[in-house]
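Asker: Structure incoming, see below.
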Amino acid sequence: MAKKKSSFLKKTIIALFLIVLLISLLGGYYAYKSIYQSNVNLGDKKSQIIYIPTGSSFDDVERILDDNNLLNNRTTFEWLSEKKHYKNAVKPGKYRVLAKMSNNALINLLRAGIQESVEINFNGLRTTSQLISRVCKRIEADSIALTNALNNNNYLNKFGFNKNNIQSFFIPNTYQFYWNTSAEEFLDRIAKEYSKFWTDSRKKQAKKIGFSQNEISTLASIVQGEQCCDNNEKKIIAGLYINRLKEKMPLQSDPTVIFAIGDFSIQRVSFEQTRFNSAYNTYKNTGLPPGPIDFVKGSSIDAVLNYNNNNYIYMCAKEDLSGTHYFSKTYQQHCIYAKKYRDAMNKKGIH
């Protein structure tokens, strides 16, 4: 009888052991699946971008994932987020979620804040309002905060600018930002890029030719308005305008009139338009305008810093409308070129 009881006890212990082992194996398999098996559903897509705004909670993250139908199993995502302490470590940003990602890979990505960068450039922009619109479509920076900053002279003064010349601050280039960049962080980064561009050699050259950095940028914006692409001709135009400034002659630049009016579709400036009342109108005012009329390329700034030392006073676009110019030392020669240009514009019906 004792042997039978002992045998039964052994069988019971073995059975219990096997049950516990089976439960452990099932639990381990469930844990493995929850951690390492794919839990991201993207259909036929290879990846998808999600945005987690600043100040988001874990519940917000789950809502974003749900809104994009990204999770096959929300419960396992929540379980592992708890185990990996992600619920209280949410980081804002722009994230690229890959197809068939596991919970472990997804949580590691989000918890570490491994963001996709955002590209921003200022090419093709003419006004600060256009800049604000572009920037705030690309990063999280609040448009109102950025607008207020760019119109606050006390704030801009720490960078050495005011709201009239702030366009000098932005050197057109392609820059990488994190999506969750604030307006203040954006401007601090631009300040670093501006300092990088204005090397000691550029500062020394500006001082040598008798202009401040802001004045160089303002003149360069006018040169750029006259010639967008040909860097050699930019140098000639810069020399011509510097001659006019030395003679205290008005620059009489059509692009300044267009900027003053604010209608960038104008193809031909009329006499009436040159009478437009604005500090930026260089037909009515001598010297440089209060600030740039464009976001100035580095090549345009360098063209002014290394201007062609010439005796030209007048310039006129060529009649082939190629964007290049005739240059003259005398008004009489200029009038000959100007007639050719007027005739070409009239022939094309551009008024």
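Asker: Output the 0 to 90 degree angle, nearest 10, between the alpha-carbon long axis of helix 103-112 and the longest principal axis computed from the alpha carbons of the chain.
Answerer: 40
Asker: Ranked by Cβ crowding within 10 angstrom, fewest neighbours first, how are 249, 101 ordered?
Answerer: Details: 249 14, 101 19.
Taking fewest neighbouring Cβ atoms as first place, the list is 249, 101.
Asker: I've got another one for you. Taking the Cα centre of the chain as the origin and placing charges on Cβ (Lys, Arg +1; Asp, Glu -1), which of 49, 279, 310 is farthest toward the positive end of the dipole?
Answerer: Sorting the options by dipole projection puts first 49.
Asker: Specify which residue in the list 331, 237, 71 is farthest towards the positive end of the charge dipole of the chain, using unit charges on the beta carbon of Lys, Arg (+1) and Asp, Glu (-1), about the Cα centre.
Answerer: The residue sitting most towards the positive pole is 71.
Asker: Where nothing but the Cβ of Lys and Arg (+1) and of Asp and Glu (-1) is charged, how large is the charge dipole of the chain around its Cα centre, in debye to the nearest 20?
Answerer: Its charge dipole is roughly 1260 debye.
Asker: How are the C-alpha pair distances of the chain spread across 20 Å bins, as whole percents from the shortest bin up?
Answerer: Cα pair-distance distribution for the chain, in percent: 23, 35, 22, 11, 5, 2, 0.
Asker: In the structure displayed, which of 192/329; 163/348; 100/137; 208/329 lie more than 31 Å apart, Cα to Cα?
Answerer: Details: 192/329 42 Å; 163/348 39 Å; 100/137 29 Å; 208/329 25 Å.
Listed pairs above 31 Å: 192/329; 163/348.
Asker: Going highest first, how would you order 170-177, 319-326 by mean Cβ packing within 10 Å?
Answerer: 170-177, 319-326
Asker: From the Cα gyration tensor of region 47-112, with a ≥ b ≥ c the square roots of its eigenvalues, which class applies: rounded if a/c is under 1.5, or else prolate if a/b is larger than b/c, or else oblate?
Answerer: It comes out rounded by the Cα gyration axes.
Asker: Rounded to whole Å and sorted largest first, what semi-axes of the equivalent ellipsoid does the C-alpha gyration tensor of region 254-351 yield via the square root of 5 times each eigenvalue?
Answerer: 22, 20, 14
Asker: Would you mind calculating the relative contact order of the chain from Cα pairs under 8 angstrom and at least 6 residues apart, reporting the percent as a whole number?
Answerer: Relative CO of the chain lands at 14 percent.
Asker: With N denoting the number of residues in region 117-197, provide Rg(C-alpha) divided by 2.2 N^0.38 Å, to two decimal places.
Answerer: 0.98
Asker: Evaluate the Debye formula for region 200-312 with equal point scatterers sitting on the alpha carbons, no solvent, and hand back log10 of I(q)/I(0) at q = 0.13, 0.23 Å⁻¹, in q order, two decimals.
Answerer: Normalising to I(0) and taking log10 leaves -0.44, -1.34.
Asker: Just rank 228, 316, fewest to most, by other beta-carbon atoms within 10 angstrom.
Answerer: Arranged by neighbour count, lowest to highest, 228, 316 become 228, 316.
Each reported figure results from applying straightforward, stated rules to the coordinates on display, with no laboratory input. Here the structure is a predicted model, which is why all the values come from computation and not from measurement. Neighbour counts are summed over all protein chains in view; Cβ atoms, including those assigned to glycine, are modelled from backbone coordinates with ideal geometry.
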